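The values are calculated or read from the model by the stated rules, or taken from the named source; none is laboratory data. The model shown is predicted, which means the values in this text are computed figures rather than measured ones. All accessible areas refer to the heavy atoms of the entire protein, side chains included, with ligands and DNA or RNA removed. Shrake-Rupley method; radii C 1.70, N 1.55, O 1.52, S 1.80 Å.
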Amino acid sequence: FIMSALDVYQQKLQAQLNEWKAQADVLKAKVDGASADAKIELNNQLEKLKGLQAEAQSKFDELLTAGEGKVDEVKAVVEGLVGEASNTVKSLLDKLKS
(Lines give C-alpha, C1' and ligand atoms only; values in the text may rest on other atoms or scores of the structure.)
Protein backbone atom coordinates (compact mmCIF):
# COMPACT_ATOMS: atom_id res chain seq x y z
CA PHE A 1 0.00 0.00 0.00
CA ILE A 2 1.57 3.24 -1.16
CA MET A 3 0.23 6.44 0.34
CA SER A 4 -0.51 9.28 -2.01
CA ALA A 5 0.57 12.85 -1.30
CA LEU A 6 -3.06 13.52 -0.41
CA ASP A 7 -3.08 10.74 2.22
CA VAL A 8 0.12 12.04 3.77
CA TYR A 9 -1.22 15.60 3.83
CA GLN A 10 -4.51 14.44 5.41
CA GLN A 11 -2.62 12.67 8.18
CA LYS A 12 -0.46 15.73 8.80
CA LEU A 13 -3.49 18.00 8.90
CA GLN A 14 -5.45 15.70 11.20
CA ALA A 15 -2.50 15.69 13.61
CA GLN A 16 -2.45 19.51 13.49
CA LEU A 17 -6.18 19.72 14.21
CA ASN A 18 -5.81 17.34 17.17
CA GLU A 19 -2.92 19.40 18.51
CA TRP A 20 -4.97 22.61 18.28
CA LYS A 21 -7.81 21.00 20.21
CA ALA A 22 -5.40 19.97 22.96
CA GLN A 23 -3.80 23.44 23.02
CA ALA A 24 -7.22 25.11 23.15
CA ASP A 25 -8.14 23.03 26.22
CA VAL A 26 -4.91 24.02 27.98
CA LEU A 27 -5.37 27.67 27.02
CA LYS A 28 -8.98 27.65 28.22
CA ALA A 29 -7.87 26.41 31.63
CA LYS A 30 -5.26 29.18 31.81
CA VAL A 31 -7.74 31.83 30.68
CA ASP A 32 -10.10 30.79 33.49
CA GLY A 33 -7.36 31.73 35.96
CA ALA A 34 -6.63 35.12 34.38
CA SER A 35 -7.79 38.52 35.66
CA ALA A 36 -11.25 39.74 34.63
CA ASP A 37 -9.84 42.29 32.15
CA ALA A 38 -7.50 39.78 30.57
CA LYS A 39 -10.26 37.15 30.37
CA ILE A 40 -12.34 39.20 27.94
CA GLU A 41 -9.54 39.59 25.41
CA LEU A 42 -8.26 36.05 25.91
CA ASN A 43 -11.75 34.62 25.46
CA ASN A 44 -12.10 36.59 22.23
CA GLN A 45 -8.82 35.07 21.03
CA LEU A 46 -10.01 31.61 22.05
CA GLU A 47 -13.26 32.09 20.13
CA LYS A 48 -11.24 33.16 17.09
CA LEU A 49 -9.11 30.03 17.46
CA LYS A 50 -12.21 27.83 17.69
CA GLY A 51 -13.55 29.45 14.53
CA LEU A 52 -10.29 28.82 12.72
CA GLN A 53 -10.28 25.22 13.93
CA ALA A 54 -13.83 24.69 12.71
CA GLU A 55 -13.02 26.26 9.35
CA ALA A 56 -9.86 24.16 8.99
CA GLN A 57 -11.84 21.03 9.91
CA SER A 58 -14.44 21.93 7.30
CA LYS A 59 -11.75 22.45 4.64
CA PHE A 60 -10.13 19.19 5.75
CA ASP A 61 -13.44 17.39 5.21
CA GLU A 62 -13.68 19.08 1.80
CA LEU A 63 -10.19 17.84 1.04
CA LEU A 64 -11.27 14.27 1.81
CA THR A 65 -13.94 14.47 -0.88
CA ALA A 66 -12.18 16.81 -3.31
CA GLY A 67 -9.87 14.24 -4.81
CA GLU A 68 -6.43 14.88 -6.26
CA GLY A 69 -7.62 17.55 -8.69
CA LYS A 70 -8.61 20.14 -6.07
CA VAL A 71 -5.94 19.30 -3.52
CA ASP A 72 -3.73 22.32 -4.25
CA GLU A 73 -6.65 24.72 -4.05
CA VAL A 74 -7.97 23.37 -0.74
CA LYS A 75 -4.42 22.96 0.59
CA ALA A 76 -3.68 26.66 0.02
CA VAL A 77 -6.74 27.69 2.04
CA VAL A 78 -5.92 25.22 4.82
CA GLU A 79 -2.29 26.40 4.98
CA GLY A 80 -3.55 29.96 5.49
CA LEU A 81 -5.82 28.80 8.32
CA VAL A 82 -3.00 26.82 9.90
CA GLY A 83 -0.77 29.91 9.86
CA GLU A 84 -3.46 32.13 11.33
CA ALA A 85 -4.38 29.62 14.04
CA SER A 86 -0.72 29.12 14.94
CA ASN A 87 -0.30 32.90 15.29
CA THR A 88 -3.43 33.07 17.45
CA VAL A 89 -2.13 30.31 19.76
CA LYS A 90 1.24 32.05 20.01
CA SER A 91 -0.44 35.39 20.78
CA LEU A 92 -2.57 33.78 23.47
CA LEU A 93 0.44 32.09 25.06
CA ASP A 94 2.40 35.36 25.02
CA LYS A 95 -0.47 37.20 26.71
CA LEU A 96 -0.86 34.48 29.35
CA LYS A 97 2.86 34.70 30.19
CA SER A 98 2.78 38.45 30.79
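A few points about this structure:
- Protein heavy-atom surface of the chain, 1.4 angstrom probe: 55% of the accessible area is carbon and sulfur, with nucleic acids and ligands not counted.
- Legend: distances between Cα atoms for 28/70; 39/75; 21/59; 48/75; pairs beyond 24 Å are 28/70; 39/75.
- Of the DSSP H helices in the chain, those whose Cα atoms cover at least 20 Å axially and whose Kyte score averages 0.0 or more: 71-97
- Per residue value of the accessible surface for the chain (all protein chains in place, 1.4 Å probe), Å²: 61 Å²
- For the chain, averaging the sequence separation of C-alpha pairs within contact (under 8 Å, six or more residues apart) and dividing by the residue count gives a relative contact order of 34 percent.
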